[in-house]
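Enquirer: What follows is a structure written as structure tokens; I'll ask about it next.
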């Protein structure tokens, strides 16, 4: 089995064949074909360079897209865990708040009773001294 040729080698062979044809036949169209083949070769090199750059950006172990996505996924899972724990803590809070309001209402009533008693005693001492 013959070794596999790269695209660059194939294009170089095509350029050589076109050069040979051009030398045998003085036709202007062959020059155009040759220029197109060179252009294709350059475009292919540019595409290869772009793909290489994209791979570096995606697979970079320090700041690539894959690393960032994995880190974001870990952060999201951690936040979900915190949220579940927080919601469990909040489940009993509604009952606690109702009990606190009930206690506050009872304390207010008791304070009003104490204020009323103090005002009543002060009034009795000031106006009804010995009677």
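Derivation of every value follows stated rules applied to the coordinates shown; laboratory data play no part. No experiment lies behind these values; they were computed from the predicted model shown.
Enquirer: How tilted is helix 65-91 with respect to the longest principal axis of the chain? Cα atoms for both, answer in degrees (0 to 90, nearest 10).
Expert: Helix 65-91 sits roughly 20 degrees off the main axis of the chain.
Enquirer: Where does helix 93-127 land angle-wise versus the long Cα axis of the chain, in degrees 0 to 90, nearest 10?
Expert: 30 degrees
Enquirer: While we're on this one: Using the alpha-carbon centroid of each, what span in Å lies between the stretch 78-131 and the stretch 30-58?
Expert: What the calculation gives is 80 Å, centre to centre.
Enquirer: Now a separate question. Multiply the residue gap between residue 48 and residue 82 by 0.36 nm, knock off their C-alpha separation, and tell me the result in nm, one decimal place.
Expert: Full extension from residue 48 to residue 82 adds 7.7 nm.
Enquirer: In Å and on Cα atoms, what radius of gyration and Dmax does the stretch 26-131 show?
Expert: Rg, Dmax (Cα atoms, Å): 41.7, 143.
Enquirer: If you build a Gaussian network model of the chain, linking Cα atoms that sit under 10 Å apart, which residue out of 101, 71, 89 swings the most?
Expert: 101
Enquirer: Return one number: the angle in degrees, 0 to 90 and rounded to the nearest 10, between the long axis of the Cα atoms of helix 7-24 and the longest principal axis of the Cα atoms of the chain.
Expert: Long axis of 7-24 versus the principal axis of the chain: about 30 degrees.
Enquirer: Also, quick follow-up: Can you give the calculated 222 nm mean residue ellipticity of the chain, where each DSSP H run of n ≥ 4 adds -39,500 (n - 2.57) and the sum is split over every residue, rounded to the nearest 500 deg cm²/dmol?
Expert: Result for the chain: -30500 deg cm²/dmol, rounded to the nearest 500.
Enquirer: Which percent of the Cα-Cα distances in the stretch 92-131 go past 16 Å?
Expert: The calculated P(r) of the stretch 92-131 puts 55 percent of pairs beyond 16 Å.
Enquirer: Something else now. Mind jotting down a quarter of the surface of the convex hull over the alpha carbons of the stretch 36-78, in square nanometres, one decimal?
Expert: The number I arrive at for the stretch 36-78 is 3.3 nm².
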